[in-house]
Amino acid sequence: MDQPASDPYELASSAASELARRSGLDRHDAVVVLGSGWAAAADELGELVADTPLGDLPGFPTPTVAGHLNLARSVTIGAVRVLVLGGRSHLYEGHPASTVVHGVRTAIAAGCRTVVLTNAAGGFNPQWTVGQPVLIGDQLNLTGTSPMLGPPPPPHKPPRFVDLTEVYSRRLRDLARAVDPGLPEGVYAGLVGGAYETPAEIRMLRAMGADMVGMSTVLEAIAARHLGADVLGIALVTNPAAGLTDEPLDHTDVLNAAREATPRMVALLRGVLEKL
Ligand code: 8IG
């Protein structure tokens with residue numbers, strides 16, 4: 001397991017400097033983190049400026065999960081400079097929270113004020129079909145960890161005890177619904193993962209107020225709010241959660257469902273980003 005940097009903010013700042021050097025863009029305005037199955041959207045999000053392999057930037061481990069791309073892609077959508085992170089790190093890979101949020105901290109150090117987090121999730125609402133995009137309205141961080149663990153943030157960063165009253169920006173959710181009026185909204189439960197849930201765990205999560213469940217996003221959202229960025233979260237519900245279907249859960253089905261939803265995802269992301 002990789003060691004957390006002694007100052008993860010310093011590491012993010014050095015990654016942002018290297019990204020600026022490699023991409024030729026002194027700043028980026030918004031970042032999109034592409035979750036499982038969202039990789040195909042990377043090719044259609046905007047005008048390509050530069051591709052930087054994530055492994056070439058300080059602090060980024062090479063992604064190991066199928067359906068992720070190993071790229072930091074810089075694109076422009078109109079005047080908006082967008083950083084597309086085609087991969088993310090997960091707790092279940094053995095990474096500490098500081099590594100899981102390193103992409104978001106790097107993007108914010110590179111100038112991003114808007115953070116778009118995408119993922120694939122299991123859904124509990126029987127009215128949601130497979131391939132349904134859902135706005136994340138709020139979250140349950142059930143990972144048992146936090147990006148705010150460790151030494152206090154350095155003096156030039158905001159202190160710990162981040163206000164999480166509005167993790168997912170109401171303004172950005174409204175903007176997303178203006179682009180794609182059919183989008184439902186729900187509460188995302190983030191678990192450490194590595195295995196899907198048991199039916200009993202899904203009943204527990206429903207009782208706790210969750211509408212969908214996954215293995216990412218919640219730590220990145222906290223890290224982004226800590227640094228003052230506005231967060232939009234979009235889950236692609238690619239399977240009914242365990243116990244809601246007779247089908248066994250399979251990562252290949254997830255990727256197939258996501259692929260079919262790509263055109264709607266691209267239109268939604270572009271529509272939001274060009275109106276920032
Ligand atoms: I896609 O049902 C996807 N990711 N934890 N549970 C969890 N993560 C998921 C699920 C699911 N589906």
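Place a +1 charge on the Cβ of each Lys and Arg in segment 8-274 and a -1 charge on the Cβ of each Asp and Glu, then give the dipole magnitude about the Cα centre in debye, rounded to the nearest 20. If you can, show how the numbers build up before the last one.
Working: 20 positive and 27 negative charges, 141 e Å.
The dipole of segment 8-274 has a size of about 680 debye.
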_In Å², and per residue, what accessible area does the chain have when probed at 1.4 Å with the other protein chains present?_
42 Å²
*May I ask for the distance between the Cα centers of segment 15-74 and segment 136-156, given as a whole number of Å?*
23 Å
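Applying a 10 Å radius around every beta-carbon, put 208-220, 132-144 in order of their mean neighbour count, most first. Kindly include the intermediate steps, with their values, before the conclusion.
Details: 208-220: 23.5, 132-144: 19.1.
Put in order of decreasing packing, that is 208-220, 132-144.
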_Taking 8 Å as the Cα distance limit and 6 or more residues as the minimum spacing, I'd like the relative contact order of segment 9-137 as a percentage._
35 percent
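Is segment 108-235 best put as rounded, prolate or oblate by its Cα gyration tensor, with a ≥ b ≥ c the root eigenvalues, rounded for a/c under 1.5, and otherwise prolate when a/b is larger than b/c, oblate when not?
Details: a/c = 2.39, a/b = 1.31, b/c = 1.82.
Oblate is the answer for segment 108-235, as a/c is 1.5 or above yet b/c matches or exceeds a/b.
When only C-alpha pairs under 8 Å and at least 6 residues apart count, what is the relative contact order of the chain, in percent?
25 percent
Using only helices, what value at 222 nm comes out for the chain when you add -39,500 (n - 2.57) per DSSP H run of length 4 or more and divide by the total residues, to the nearest 500 deg cm²/dmol? Could the numbers behind the result be given before it?
On the way: 7 runs with 79 residues, N = 276.
About -8500 deg cm²/dmol.
Based on the alpha-carbon gyration tensor of segment 73-154 and its eigenvalue square roots a ≥ b ≥ c, which shape applies: rounded if a/c is under 1.5, prolate if not and a/b is larger than b/c, or oblate?
Working: a/c = 2.06, a/b = 1.10, b/c = 1.87.
The shape class here is oblate.
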*Ranked from highest to lowest mean number of other Cβ atoms within 10 Å per residue, what is the order of the peptides 166-176, 95-105?*
95-105, 166-176
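Using a 1.4 Å probe over the heavy atoms of the protein chains, calculate the carbon and sulfur portion of the accessible area of the chain as a whole percent.
Taking all protein chains in place, the chain shows 53 percent carbon and sulfur surface.
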*Sorted from largest down, what three extents in whole angstroms do the Cα atoms of segment 58-120 have along their principal axes?*
38, 23, 22
*Could you work out the relative contact order of segment 23-97, using alpha carbon pairs under 8 angstrom and six or more residues apart, expressed as a whole percent?*
39 percent
*Classify segment 8-274 as rounded, prolate or oblate from the Cα gyration tensor: take a ≥ b ≥ c as the square roots of its eigenvalues, call it rounded if a/c is under 1.5, otherwise prolate when a/b beats b/c and oblate if not.*
prolate
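The values are calculated or read from the model by the stated rules, or taken from the named source; none is laboratory data. Predicted model only: the values in this text are computed from it and were never measured. All Cβ positions, even for glycine, are placed from backbone atoms using ideal geometry, and neighbour counts span all protein chains on display. Quick note on the areas: whole protein, heavy atoms, side chains included, nothing else; ligands and nucleic acids left out. Shrake-Rupley method; radii C 1.70, N 1.55, O 1.52, S 1.80 Å.
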